[in-house]
Each structure stands twice: as structure tokens, then as C-alpha cells.
Amino acid sequence: MPKYEAKRLKSLLFFVTAAILIGSMTGVISALFIRLITWSISFRKDHEYIIFFLPLVGFIVLWVYKKFGNTAHLGNNLILDEIHKPQKKIPLRMVPFIFISTILSHLFGASVGREGAAVQMGGGISEFVSSLLKVSAENRRLFLMMGMSSGFAAVFGTPVTGAIFGIEVLFLGAIAYEALIPCLLSSIVGYYTTLMLGVSSAHYFPIDIPHIELRGLIAAIIAGIFFGYTAKLFIWSVKKAKSTFAKIIKNNLLHPVVGGILLICLFYLIDSDRYHSLGEEIIHASFRQRVYPWDFLGKIFSTSLSLGSGFKGGEVLSLFYIGSTLGNTLSFILPLEYPVLAALGFVSVFAGAANTPISCFFLAFELFGSGIGLYSALAISISYLFSGKESIYSSQPTHNAKIFD
């Protein structure tokens, strides 16, 4: 065997081993994570009074992060920073911290997601594995991307999207192709580990995709503009909430106390928890019936308030909620059925907010089938274009700017 072929085979075996370690560990923790979040949401719905403990829980969680968290509070931005410019070690405590704090957020009624938390757990696990194997700085960088991919795939059940997400989210306008195979391997292992443990992620209703027509394509483009500006609004809202709390309340430990009180007021004002926690039932509803035209605004407000005041969790599922309900609403003015527009919004708002259009192309295919391909390609691309240069990940540097920026 030629020397270079032997080296290539050795490298492949090394990354297969690493993928099995990272993917299986991430899959196990993600399976438990999904089960506990499902239980916590169910428990809260049966015991609505526990929302009154939300301010206290937010205070305690933030105090623990401040006292014992070290750099864990930086979350996904710390992982991105370490991929770009390695300076510090990602603490293993990030895994239990984000695991427990996200579950508590859902148990007591904050409006946060879960995919972002899973990506953090994957990053913490991959850092542990890289330390265990004593890998080089370059391989550590690949390991961190593998952890992000396996976390996304394990929790959301989309292995191809998870792999692409791990290599696309690093930059605005560039993809780290050198990590494609490692990320795909770890993503597949993470996904199938959760399946073998009896945990399957939510998949959405099959939808009837209309034949390709000019008016439908134009509708997808117009919808993409709405989705892009909505992604921009979400990013602005979260940042505005954080800066407002910081300006008005100097002691950041009191931020979740005030935020929690406002979320309690929201709950009793509308007499519903439709804007709290994951909101998966509303996402599902947007594919099979009309939802309130203001639902996407309600979710932007509640998630911005939750994240801006310091509650822990992710943004991704909130963005899916915002996109699907906005798409449902746009069916009143655009010539596409609401399930189709809900599906386009589901993938397009996230594409604009995270600057990950290629990942979202695959997400549309994995969730809704190949028939949505051209419609989703247009809506996602336009959303990405109109969402601006900001991102839900503040540590995402610009490699190639968008054409309008």
C-alpha cells in the first residue's frame, strides 16, 4: 500500500473512532435531555402554579453560573471562538450546567429552545474527548465541529443537516469542507444513538407540494423577504432586551427575576402558555390549521424576554415556531397553501438568523421531502439575503459579506 494511502486510511480510522466516541456520548446525553424536557413540559402543564417559581429559579441558575460556571456562560459563542482562535479550555461543566438549566427553564415556563443547548453539550463532550486523546490543535478544532454536528442531529433527528450545520455555522459566507466527513460521521452516530435508546425527534406533517408555477415561485420569493426581515427583528429584539436589562438593572442577578415576573404576567394576560417553552404544539398546528396572525410576534417577544433576562436554553426551536406561524399567516396574502408556507417559514427564518442557508436546504429536504426543493431554495436564499449581517451567534465572523451588505 502506498505511504499516502496508508496515512489516509489511518486518518479515517482515527476520525471514525472519534466520531463513535463523540456521537455516542452526545446521543446518550441528548436522549436523556429530550426525555426530561418532555417530562418537564408535561409536568408544568399539569401544575400551572409552578410558573410562580420562575423568577427564583432564574436567579439561582444565574448565581450558580456566576459562582461556579467559569466560561460556561458564553455557551455556543465560546465554542465558535475556540474553533477560530483557541485561547482557553471549554470546561466540561458546560454540559451539566446547560443540561440542567435548560430543563429548569422549560419546567418553570421560560420561552427557550433546546437545539442550541444540545450543540453546547456536544461541544463540551468533544472538548473532553479531545483532551482524552491528546489531539493536535487542528484536530481539536475538528472535534469541536463534530460535537456541534452530533448535538444538533441527536436532538433534532436530522443527521445530514447536523453535519452541514457544524461546518457552515463557523463563518458568514464560507463552509469548512475539511470537516465534512468527520462531522457527518459524528452526526450519524449521534442520531442513531438516540434512536436506539428509544427517543425519536418530532417530525412534521407531510404536506402536498403544488406543481411548480410562476406565481408560486414569486410567492416564495416574497415570503423569503418577510422571513429575512423577521429573522433580523428577532436578532435585534434579543440584543435590545439584553441591553435594556443591563441599562436599567445594574445587578445582573436580578435580570431573570424581573424577566420571570414579566413572563408570569404574559401567561396570565393571555391565559395560555402558547408563547412559553418549546411551543411544539403550535408549530404542529401551523401545518394543519390557521393559527393567530400575531403568534410569531408573541414568540419573538417571549423568547427575547427570556434570553435577554438570562434564562438558559437555545433559540433554534423558537425560530422554527416564529417561521412556521409567520408562514401560516402569510397564506392570507400569498397564493400558496398555509402548510407549504409554514414549512418555508420553518426553515427560512432560521436560515436568516443563523446565516446557514445550505444547512436549511438540507433541513427542508429531510423534514418535508424533495418536492419542496425549489420553493425552499428561493425562500431560504432570499431570507438569508435580507436578514442582514448580524447572527444569533455573535462570535460568527464574516468571511464573505452578503451582496447587499
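The values are calculated or read from the model by the stated rules, or taken from the named source; none is laboratory data. A quick note: this is a predicted structure, and the numbers were derived from the prediction, not measured. FYI the Cβ positions are ideal-geometry reconstructions off the backbone, even for glycines, and counts take in every protein chain you see.
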Region 166-184: number of residues that are buried (at least 24 other Cβ atoms within 10 Å of the Cβ) and closer than 16 Å to A19 by Cα: 5
Residue under evaluation I333, criteria (1) more than 15 Å from the chain's Cα centre (by Cα); (2) assigned to a helix (DSSP H, G or I), criterion not met: (2)
Meets criteria (in the same structural domain as A118 (by TED's automatic domain parsing) and not acidic (D, E)) for Y292: no
Residue check for Y275: aromatic (F, W, Y), out of contact with any Ser or Thr (no Cβ under 7 Å at 6 or more places or on another chain) and not assigned by TED's automatic domain parsing to the domain that holds L54: no
Members of region 280-325 that are within 13 Å of the chain's Cα centre (by Cα), closer than 20 Å to F267 by Cβ and assigned to a loop (DSSP other than H, G, I, E, B): K312, G313
Pair list, Cβ under 7 Å, 6 or more apart: region 384-397 residue farther than 19 Å from L344 by Cβ and small (G, A, S), other residue at pLDDT below 90 and not in a loop (DSSP other than H, G, I, E, B): S391/L172; S394/N77; S395/N77; S395/L80; S395/D81
Extreme residue, surrounded by the most Cβ atoms within 10 Å (Cβ to Cβ), among residues of region 217-265 that are within 26 Å of G371 (Cα to Cα) and aromatic (F, W, Y): F227
Residue match in region 197-206 (condition: within 29 Å of I282 (Cβ to Cβ) and not in a loop (DSSP other than H, G, I, E, B)): no
Search result, residues across region 185-216 that are modelled with pLDDT of 90 or more, surrounded by fewer than 16 Cβ atoms within 10 Å (Cβ to Cβ) and within 18 Å of S381 (Cβ to Cβ): L214
Region 70-83: number of residues that are in contact with a Leu (Cβ under 9 Å, 6 or more places away or on another chain) and not charged (D, E, K, R): 6
Residues (modelled with pLDDT under 95 and over 23 Å from the mean Cα position of the chain (by Cα)) located in region 27-44: none
Helices (runs of 4 or more DSSP H) lying entirely in region 337-405 (those with 1 or more residues that are under 19 Å from A153 (Cα atoms)): 338-354, 357-368
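Residues checked against (1) of a type outside the set (D, E, K, R); (2) at pLDDT below 95; (3) loosely packed, with under 15 Cβ neighbours inside 10 Å:
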position	(1), (2), (3)
Y4	yes, yes, yes
R8	no, yes, yes
F15	yes, yes, no
M25	yes, no, no
E48	no, yes, yes
I51	yes, no, no
L56	yes, no, yes
F68	yes, yes, yes
Enumerated helices (runs of 4 or more DSSP H) restricted to region 76-149, each holding at least 3 residues that are more than 18 Å from S30 (Cβ to Cβ) and at pLDDT below 85: 76-84
Output for region 220-235, where each listed residue is over 14 Å from K299 (Cα atoms) and either free of Cβ contacts under 8 Å to residues at least 12 places away in the same chain or out of contact with any Ser or Thr (no Cβ under 6 Å at 6 or more places or on another chain) (or both): A220, I221, I222, A223, I225, F226, Y229
Contacts under 6 angstrom Cβ, first residue in region 304-319 being touching a residue at least 24 places away in the same chain (Cβ under 8 Å), partner surrounded by fewer than 24 Cβ atoms within 10 Å (Cβ to Cβ) and hydroxyl-bearing (S, T, Y), 6 or more apart: S304/S237
Test for V340: is it surrounded by 24 or more Cβ atoms within 10 Å (Cβ to Cβ), under 24 Å from Y393 (Cβ atoms) and modelled with pLDDT of 95 or more: no
Hits in region 162-194 - residues which are among the charged types (D, E, K, R) and closer than 19 Å to S394 by Cβ: E168
Hits in region 33-46 (condition: in contact with a Phe, Trp or Tyr (Cβ under 8 Å, 6 or more places away or on another chain) and surrounded by fewer than 21 Cβ atoms within 10 Å (Cβ to Cβ)): R44
Matching residues, region 147-157, being buried (at least 24 other Cβ atoms within 10 Å of the Cβ) and in contact with an Asp or Glu (Cβ under 9 Å, 6 or more places away or on another chain): G147, G151, F152, V155, F156
